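J.: I am attaching a structure below and will ask some questions about it afterwards.
The values are calculated or read from the model by the stated rules, or taken from the named source; none is laboratory data. Just so we're clear, the structure is a prediction, and the values are computed from it rather than from any experiment. Methodologically, a virtual Cβ is constructed for each residue, glycine included, from the backbone with ideal geometry; neighbour enumeration extends over all protein chains shown.
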Amino acid sequence: MKKKWLYGILGLGLAVGSISAADHFFEISRNLDVLSAVYKDVNGSYVDETDPSKLMRTCIDGMLRTCDPFTNYISESQIETYRIQNSEKLVGIGIHFQIEDSMPVVTDLIKDLPADKAGMQIGDKMIALDGQPTKGKSYDEVSQALRGQTGSTVAIALKTIDGTNKDVSVVRQEFQETNVPFSGMLTPEIGLINLKIFNPNAGKDVKEAFEKLKKENPNMKGVILDLRNNGGGLLHEAVDVVNVFVDKNKLVVDTRGRNEESNHTYKTPGEATDNKMPVVVLTNSGSASASEIVSGCIQDYDRGVILGQKTYGKGLVQITKNLSYNTMLKVTTAKYYIPSGRCIQAMIYAEHNEDGSVKHIPDSLKKEFRTADGRKVWDGGGIDPDVAIAKPAVNPLIQALQNKNLIFDYATKYKQKHDKIGQSAAFRLTDQDYADFVAFAKTKDYNYKTESDKLLDKLKEATTDEKYYDAVKTQYEDIKKKLEADKQNALEKNRKEITALIENEICGRYYYLHGKIEKSLTNDPLAIRAIALLNNPEGEYKTLLSKK
């Protein structure tokens, strides 16, 4: 039994080169003996009192750090939290929150779940849970207090968005995070399906959303599948999502590992829902694992165009093994290979750079593969989009406003003053509304540094060190004053981008996640570019899919 368990551990680095199975097991046995002797002697002879559990945990964690970040040991004390976090079903009240000024604040409500039904609102502060004050509690501590058995009740003391105190009793409920928070028509002829996660029924949900769009919009001529920031989920659901657009009995993914039991082949099980309608898949660096299988298959079969940024590059398969004393090991056992034969894994966890960071697969080692119609694609680093759109540069002003929660807080104030708004897609912030936001923001501290500020700081530091500062002091201070004066107008200069973020946040207050997504798509450059592609299926869209 011990040998079987040990054989399943990847990347221990105990075997060197190509050696026989007998030699391999001898190396494992020998090193276990050495480890056991060191562990016993340190615990028995070290000058200070030791903690045997802590020492062993440090040893295990150190060993697993030589593998990859997805291979983990779960101790008995961590088992329950691990099972809750990895359960396909959640038990809670249906909120998202963040810690703001040492207090948990509701940032999102899930429609029709207990918190929503109890009248909680985005912006409410949870000041106590079951009589215990929350001030100073960590995110994990608050999250743990909100969890419990299905049907149990949590008493929540709130400081509501209008500043009054309110007590609510909320009954915990089992629920599943929605796979498709939004599907709808962006134009009379182009639909979009936002797939957030690959939970159970993801394939069914995408299929039903697609069929509903087609039925209600007979003139629909193209669909966008939005996989941005979708970190993956269940492998078989990825297969079912592919099957919505790809014919029966087509290879979706192979998993290949050191051991025969890790090798599996997954194919589409049924007839495609639609194998003709033009498809554009939106991706970014947050699209990982199952999202990369779906986008990779669409690309490998030339079934659609991938648009956006390169995906994350997670091509590893994990399984969990139950160990003794109610502990568990999550271990990487295989890699994904999509239909063209390429692996999407980007990191080489067995190798490190001089600074200790993990190596990416270098361009020199990336191999060329071909799609079904002969287009060139490459392995070793996620899925490269057919149409690459650069990630927007970080705007320091926007970052400061978001870090200080000013956009969030303004949306809270807006909701207090307005009982309702029109439909999300049509909602617009008025000139007076934006003026109100500017006035609100100017009462808050959201100091930030631009790249110019940082360069000026470096200039001052360098000229001071080299004894030149006095010679440039007048010019330096003049430039700094001009930059500060210009920053006073930054809210107006960045009005368009800030307005879009405020509108998204406000729509989320009235129409939940669905409304926030619907509104965000009206100003989304990737969605706009995808619409242009699908509106010209015989033009650029066709050219991209036939480009050798």
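J.: With Y325, Y336, Y349 as the choices, which residue is aromatic (F, W, Y), on the phi < 0 side of the Ramachandran plot and touching a helix residue (DSSP H, G or I) at 6+ places or on another chain (Cβ under 7 Å)? First the steps, then the outcome.
T.: Numbers: Y325 fails: on the phi < 0 side of the Ramachandran plot; Y349 fails: touching a helix residue (DSSP H, G or I) at 6+ places or on another chain (Cβ under 7 Å).
After ruling out the rest, the residue left standing is Y336.
J.: Sort through A372, A334, A388, A435 and tell me the only one that's farther than 29 Å from H96 by Cβ, of a type outside the set (S, T, Y), touching a residue at least 24 places away in the same chain (Cβ under 8 Å) and exposed (fewer than 13 other Cβ atoms within 10 Å of the Cβ). Before you say what the answer is, go through the steps one by one.
T.: Numbers: A372 fails: exposed (fewer than 13 other Cβ atoms within 10 Å of the Cβ); A334 fails: exposed (fewer than 13 other Cβ atoms within 10 Å of the Cβ); A435 fails: touching a residue at least 24 places away in the same chain (Cβ under 8 Å).
So the residue among A372, A334, A388, A435 that is farther than 29 Å from H96 by Cβ, of a type outside the set (S, T, Y), touching a residue at least 24 places away in the same chain (Cβ under 8 Å) and exposed (fewer than 13 other Cβ atoms within 10 Å of the Cβ) is A388.
J.: Looking only at region 50-98, which residues are within 29 Å of M347 (Cβ to Cβ) and among the aliphatic types (A, V, I, L, M)?
T.: Matches in region 50-98: M56, I60, M63, L64, I74, I79, I84.
J.: If you don't mind, another one. What is the residue count in region 80-101 for residues that are out of contact with any Phe, Trp or Tyr (no Cβ under 8 Å at 6 or more places or on another chain), in a loop (DSSP other than H, G, I, E, B) and in contact (Cβ under 8 Å) with a residue 60 or more places away in the chain?
T.: Going through region 80-101 one residue at a time, the tally reaches 2.
J.: Counting residues that are within 30 Å of I127 (Cα to Cα) and aromatic (F, W, Y), which strands (runs of 3 or more DSSP E) fully inside region 158-206 reach at least 1? If you could, list the steps in order and put the result at the bottom.
T.: Working: elements: 165-171, 173-175, 182-185, 190-194.
So the answer is 173-175.
J.: Among (1) basic (K, R); (2) over 21 Å from the mean Cα position of the chain (by Cα); (3) surrounded by 20 or more Cβ atoms within 10 Å (Cβ to Cβ), where does K276 come up short?
T.: (3)
J.: Now a separate question. When you look at K248, is it of a type in the set (D, E, K, R) and not in a loop (DSSP other than H, G, I, E, B), yes or no?
T.: On the way: of a type in the set (D, E, K, R): yes; not in a loop (DSSP other than H, G, I, E, B): no.
Spelling it out, it is not the case that K248 is of a type in the set (D, E, K, R) and not in a loop (DSSP other than H, G, I, E, B).
J.: Let me ask something else. Among (1) modelled with pLDDT under 95; (2) assigned to a strand (DSSP E or B), where does E261 come up short?
T.: (2)
J.: Here's something else I'd like to know. Given (1) over 17 Å from the mean Cα position of the chain (by Cα); (2) part of a strand (DSSP E or B); (3) among the hydrophobic types (A, V, I, L, M, F, W, C), identify the lone condition not met by A209.
T.: For A209, the failing item is (2).
J.: Need pairs with beta-carbon distance below 7 Å; first residue without any contact (Cβ under 8 Å) to a residue 40 or more places away in the chain and within region 213-237, second crowded, with 16+ Cβ neighbours inside 10 Å and assigned to a loop (DSSP other than H, G, I, E, B); sequence gap 6+ or separate chains.
T.: From residues that are without any contact (Cβ under 8 Å) to a residue 40 or more places away in the chain, the pairs are L213/M220.
J.: Which condition from (1) closer than 29 Å to G308 by Cα; (2) out of contact with any helix residue (DSSP H, G or I) (no Cβ under 9 Å at 6 or more places or on another chain) is the one that D465 breaks?
T.: If we test D465 against (1) closer than 29 Å to G308 by Cα; (2) out of contact with any helix residue (DSSP H, G or I) (no Cβ under 9 Å at 6 or more places or on another chain), just (1) comes out false.
J.: Hey, among A350, A435, A411, A388, which residue is of a type outside the set (S, T, N, Q) and under 30 Å from T71 (Cα atoms)?
T.: Working: A435 fails: under 30 Å from T71 (Cα atoms); A411 fails: under 30 Å from T71 (Cα atoms); A388 fails: under 30 Å from T71 (Cα atoms).
After ruling out the rest, the residue left standing is A350.
J.: Within region 35-79, how many residues turn out to be out of contact with any Phe, Trp or Tyr (no Cβ under 8 Å at 6 or more places or on another chain), hydrophobic (A, V, I, L, M, F, W, C), closer than 21 Å to T327 by Cα and part of a helix (DSSP H, G or I)?
T.: 3
J.: Test of understanding: among I93, I60, which residue is closer than 30 Å to S169 by Cα, over 21 Å from the mean Cα position of the chain (by Cα) and surrounded by 14 or more Cβ atoms within 10 Å (Cβ to Cβ)?
T.: Working: I60 fails: closer than 30 Å to S169 by Cα.
Sole residue among the options that is closer than 30 Å to S169 by Cα, over 21 Å from the mean Cα position of the chain (by Cα) and surrounded by 14 or more Cβ atoms within 10 Å (Cβ to Cβ): I93.
J.: So, one more: Assess whether Q121 counts as being touching a helix residue (DSSP H, G or I) at 6+ places or on another chain (Cβ under 9 Å) and among the polar types (S, T, N, Q). Explain how you work it out, then say what you get.
T.: Values: touching a helix residue (DSSP H, G or I) at 6+ places or on another chain (Cβ under 9 Å): yes; among the polar types (S, T, N, Q): yes.
Against the criterion (touching a helix residue (DSSP H, G or I) at 6+ places or on another chain (Cβ under 9 Å) and among the polar types (S, T, N, Q)), Q121 qualifies.
J.: Right, something else. Of all helices (runs of 4 or more DSSP H) completely enclosed by region 459-548, which ones contain at least 2 residues that are modelled with pLDDT under 90 and outside the structural domain of R375 (by TED's automatic domain parsing)? I'd like the intermediate steps shown before the answer.
T.: Working: elements: 469-487, 490-493, 495-521, 525-534, 540-546.
Once the helices (runs of 4 or more DSSP H) in region 459-548 are filtered for at least 2 residues that are modelled with pLDDT under 90 and outside the structural domain of R375 (by TED's automatic domain parsing), what remains is 469-487.
J.: If the Cβ limit is 9 Å and pairs must be 6+ apart or interchain, which residue in region 397-408 that is touching a residue at least 60 places away in the same chain (Cβ under 8 Å) pairs with which residue that is aromatic (F, W, Y)?
T.: Taking only residues 6 or more apart or on different chains, the pairs are L397/Y446; L397/Y448; L401/Y446; L401/Y448; Q402/F408; I407/F437.
J.: Can you name the strands (runs of 3 or more DSSP E) wholly within region 306-388 that have at least 1 residues being more than 25 Å from V280 (Cα to Cα) and hydrophobic (A, V, I, L, M, F, W, C)? Don't jump to the end; show me each part of the working.
T.: Details: elements: 316-323, 327-337, 347-352, 358-360, 368-370, 376-378.
Hits in region 306-388: 316-323, 327-337, 347-352, 358-360.
J.: Another question, if that's okay. Name the residue that is farthest from the chain's Cα centre (by Cα), counting only residues in region 107-134 that are under 17 Å from V171 (Cβ atoms) and assigned to a strand (DSSP E or B).
T.: Only one residue tops the list, namely L129.
J.: Scan region 129-165 for residues that are surrounded by fewer than 16 Cβ atoms within 10 Å (Cβ to Cβ) and in contact with a Ser or Thr (Cβ under 7 Å, 6 or more places away or on another chain) and jot them down.
T.: K135, G136, T153, A155
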